[in-house]
1. Would you mind stating whether residue 150 is in contact with an Asp or Glu (Cβ under 7 Å, 6 or more places away or on another chain) and either at pLDDT below 95 or part of a loop (DSSP other than H, G, I, E, B) (or both)?
2. Out of the stretch 26-53, which residues are over 13 Å from residue 240 (Cβ atoms), of a type in the set (Ser, Thr, Tyr) and either in a loop (DSSP other than H, G, I, E, B) or away from ligand 4 (no atom under 16 Å from the Cβ) (or both)?
3. What is the number of the single condition among (1) within 16 Å of ligand 2 (Cβ to nearest atom); (2) buried (at least 20 other Cβ atoms within 10 Å of the Cβ) that residue 94 does not meet?
4. Looking only at residues in the stretch 225-253 that are within 14 Å of residue 113 (Cβ to Cβ) and not small (Gly, Ala, Ser), which one is nearest to the chain's Cα centre (by Cα)?
5. Of the residues 238, 208, which single one is polar (S, T, N, Q), closer than 30 Å to residue 53 by Cβ, modelled with pLDDT of 95 or more and touching a helix residue (DSSP H, G or I) at 6+ places or on another chain (Cβ under 8 Å)?
6. Checking the conditions here, which among 180, 203 is touching a His at 6+ places or on another chain (Cβ under 8 Å) and over 21 Å from residue 87 (Cα atoms)?
7. Select, from 197, 123, 145, 193, the only residue that is over 21 Å from residue 225 (Cα atoms), part of a strand (DSSP E or B) and not small (Gly, Ala, Ser).
8. Go through (1) within 20 Å of residue 253 (Cα to Cα); (2) part of a loop (DSSP other than H, G, I, E, B) and name the single condition residue 84 misses.
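The values are calculated or read from the model by the stated rules, or taken from the named source; none is laboratory data. Keep in mind the model is a prediction, meaning the values are calculated, not measured. Don't worry about glycine lacking a Cβ; one is built from the backbone with ideal geometry, like all the others, and counts go over all protein chains shown.
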Amino acid sequence: MMYSIKPATCVLATVFLVASCAMAQSNQAHVLIYSATRGFRHDSIPTATQALKNAGSSINVKFDSTEDHSQFTDANLAQYDALLFLMNTGEVLDDSGKAALQTYLNRGGNFIAVHSASDSLNTTAFYGREVGAYFDNHADLQPATINVIDANHPSTSKLPARWQTRDEWYNFKSDPRSVGAVVVLSVDESTYTDTTTKRFDQGSPHPTAWYQEHGAGVEVGGTAGRSFYTSLGHTNETWEDEIFMSHVLGGVSWVLASNTTKATNASAQVGNAASSSGASGASGASPSSNTAASTSGASNAASSFAPFFGIMSSTPISSFGAVILATTAGAIGGLFLLSSW
Ligand SMILES: *[C@@H]1O[C@H](CO)[C@@H](O)[C@H](O)[C@H]1NC(C)=O
Ligand SMILES: *[C@@H]1O[C@H](CO)[C@@H](O)[C@H](O)[C@H]1NC(C)=O
Ligand SMILES: *[C@@H]1O[C@H](CO)[C@@H](O)[C@H](O)[C@H]1NC(C)=O
Ligand SMILES: *[C@@H]1O[C@H](CO)[C@@H](O)[C@H](O)[C@H]1NC(C)=O
């Protein structure tokens, strides 16, 4: 009979459901937002932090936030798949915090920096390279038009080719391309008024947002994660703008696809360690060889689905794949047990 299920099957189904949930969880990336300031303080920091936390589930990310520099220890940072420096200013880390940040980057940690984070830690050279360039000055808050230079990047794929928005228009002390960054957005200098003196060569076209495949803050011999920087984000309204949010979230998703952290790579040195607890939870309920098979099957499925859904959805897709595969494994395992029982 179709709906008569033996008690043992229910227990088994529950066990596999728990295992599949644990596996889906294992792909959730953990990102730490750090928004400490020692100089100018943007009053949009709470809005920005909340906007990121609210959007986290849409890209399968759990955002934590802190302004406490003492959280910069090797052990604490090692839990995270990326650090997001949000509108910091000035000397926001002490020497031990800077050392922990360097160690984190050397271990494959990913990095995101937003707006005035480029005006922070101005004598910590590795930090400057990891951001890509230091802030010099900015044109006043006003509307301007941004050209999308690279429309294929997840941080720009939902943007119009020419995007008008209102923000401060940053000038930098160096060209981020000089450390290997790829510029994805460039503000059109003919669309706004800049009365500042340009004292440095920031390259052309004007850099406004960029990414680094291998963050340049890593030390020789280290494993470089990815880095993403956007100079936008000054006002509350910006963080309420869907187009801007697609830009930032696309950047976050892109850095998390580095395969240098545990959200996507179980042998990585840093990142969400839930993958190992998920695996051991599952192995308690099924032979460990099954667990291993379904785990690698899930990541293969994720990579073959990814091209169809785009990079932005790769994380949710991989959890989806994990659930499907774990459920399938569960059903097959259940049938096998039933027939031998
Ligand atoms: C931005 O939002 C914060 C609350 O999140 C508020 O305190 C602040 O006044 C707002 N800023 C402006 C300019 O409206
Ligand atoms: C770094 O920033 C501080 C203010 O936080 C400033 O006093 C100092 O001159 C700056 N140093 C450099 C090298 O830009
Ligand atoms: C990460 O791993 C996936 C699956 O193996 C692969 O398709 C992708 O190209 C890798 N990305 C990087 C940056 O190595
Ligand atoms: C996973 O991490 C290990 C250790 O850092 C590295 O050797 C390996 O290449 C990574 N896998 C992928 C797919 O990038």
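1. No; evaluated as a whole, the condition is false for this residue.
2. Of everything in the stretch 26-53, those that are over 13 Å from residue 240 (Cβ atoms), of a type in the set (Ser, Thr, Tyr) and either in a loop (DSSP other than H, G, I, E, B) or away from ligand 4 (no atom under 16 Å from the Cβ) (or both) turn out to be 34, 35, 37, 49.
3. For residue 94, the failing item is (2).
4. Across the stretch 225-253, the extreme among qualifying residues is 252.
5. 238
6. 180
7. Only one candidate passes the filter, namely 145.
8. Here residue 84 clears every test but (2).
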